[in-house]
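> Below you'll find the structure I mean.
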Amino acid sequence: MNAAGPVLGSSSALWDADPRLAGILHRLSATLQTAEAATTDASARRFAAQLVDDHFVDDDTFDAVLDTLGPTGVVRLIGAIGGELVEGYARCLDTAEDAPVLALPDDSSLQHPSRPSRRRRVDPDSPLSPDQLAALGAGDRPAALRGPFRLWALAPDIHSVVEELGTYCQHETTLPERIGELAIMTVARRRDAQHPWIAHREKARASGIPEAALEALAAGDHPAFDDAADEAVFDLVDALARGERPAPETVLEVRAALNDAQLADLIASVGVYAMNALILNAFELPLPGGAEPPFPDVRDFRKVASATPIPDPEENSWIRSNR
C-alpha cells in the first residue's frame, strides 16, 4: 500500500466538479492519514491482501490482526484500505497509466500464525458508552449506527466522515436514482457484500432496473440492459469493483452519458459502498433476521460452489456456535 497515505480529494481532478463532495473527501483523507501506519505490520498486510482480493478474511488472519490492533485499529486499517480504493478508482479515470486500482503485496510469502481456526467475534450490538455516543454525535440518528456504520463507530472519527460520505451519496447526489442504485448493486455483487444487496434490492427494482438484470447480476452473470447508458455505467463500475481499469471506450461512453458532477458522484458512490463491503465482510456482520443469502456462491462469508445448499443454522451446531 502507498506509504504516503491516501490523498482523497486532492490528487484527482475528478472531484473538482463537485466542491461539496471534494470537501468530504478532504476530511476523509485527513482522518485516514493516521491509520496508514498500521499497514506495515505483516498480519495487516496479509489482512489487506485477502480482503481486497478475496473479499473475505480467514479466521487466523482476522484474529492475528485483532490481537495486534484491537477492534478500533482494525476499523482504522479498513478505512485506510478503503480510502486508497476510492483514490484508485478516481485515478483510473484521470490517467491512461496502466496500473492496478490498488497495489497490494503477495501474501503467499507471509507466514500464517499457528492458532485454532475459530474466529473471535466483535459483537456489533454491544452498547456504546455515553462518551462514545457523544464523540459520534449520533445519539438522535439511529440510522447512523445501523449496518456498516455500527462497525465504523468503533473509530468515531472515521465513522463521522464515512457516514457523511454515505449520506451524501444517498441523499445529495446528482446522479439519477436508477444509475445510483445500479452502481450500489454492482459493487455489492462484485464485492460479495450481502447486506447492501438485501437493503437495496427493492429500491433498485423500483428505480427501473429490470428484474432480469438483477437476477443475472445476483447469479454472477453479465446482465443485459436496453439502455446504452446503463450498460456503460455497469461496465465501468463492474471493472472498478473487480479492481480492474475500465476500457477507454467505456469511460468515454460514461462521460457522454453523465456530466462532470454526476461522474464524480458515481465514483464516490462506488468508493463508499466498496468501503462498506470491506468492513461488513471483515467483521462478518450477521445478515438481518430471516434474510436469505442473496448470492448462490457465498455462504457464511465464504466463497462456495454455486450448487452448495444454504445451511440451516438451526441444524448446524458449528454455525450456531460461531455466530
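Rule-based calculations on the coordinates, nothing more; no lab input. Just so it is clear, the model here is predicted, and its values are computed rather than measured. Note that we place each Cβ from the backbone using ideal geometry, even for glycine, and neighbour counts take in every protein chain shown.
> Classify the range 144-206: rounded, prolate or oblate, from the alpha-carbon gyration tensor (a ≥ b ≥ c, eigenvalue square roots; a/c under 1.5 rounded; otherwise prolate if a/b is larger than b/c)?
Judged from the Cα gyration tensor, the range 144-206 comes out oblate (a/c at least 1.5, b/c at or above a/b).
> Which log10 I(q)/I(0) values does the range 202-292 give at q = 0.22 Å⁻¹ under the Debye formula, counting every alpha carbon as one identical point scatterer?
-1.34
> If you don't mind, another one. Quick one: order Thr173, Thr250, Thr72 by neighbouring beta-carbon count within 10 Å, fewest to most.
Starting with the residue having the fewest Cβ neighbours, the order is Thr72, Thr250, Thr173.
> In what order do Ser29, Ser269, Ser207 fall by count of nearby beta-carbon atoms within 10 Å, going from fewest to most?
Ser207, Ser29, Ser269
> While we're on this one: If you stretched the chain out fully between Asp297 and Ala228, how much longer would it get, using 0.36 nm times the residue separation minus the C-alpha to C-alpha distance?
Difference between extended and current length: 22.0 nm.
> Still on this structure, please answer the following. Starting from the Cα-Cα distance between Ala30 and Arg146, subtract it from 0.36 nm times their residue separation and give me the gain in nm to one decimal.
Using 0.36 nm per residue and subtracting the Cα-Cα distance, I get 39.3 nm.
> In addition: If amide hydrogens are placed 1.01 Å from N in the peptide plane, which non-local residues have theirs closer than 5 Å to the one on Val298?
So Val298 has HN proximity to Val304.
> Only counting other Cβ atoms within 10 Å, I'd like Arg245, Arg201, Arg191 sorted with the fewest neighbours first.
Placing the least packed residue first, the sequence is Arg201, Arg245, Arg191.
> If you don't mind, another one. Express in nm, to one decimal, how much length is gained between Val304 and Arg255 on full extension, taking 0.36 nm for each residue of separation and deducting their alpha carbon distance.
Extra length available between Val304 and Arg255 comes to 13.9 nm.
> Here is a follow-up. What net charge is computed for the residues neighbouring Glu253, neighbours being all others with C-beta under 9 Å from the C-beta of Glu253, Lys and Arg scored +1, Asp and Glu -1?
Cβ neighbours under 9 Å give a net charge of -2.
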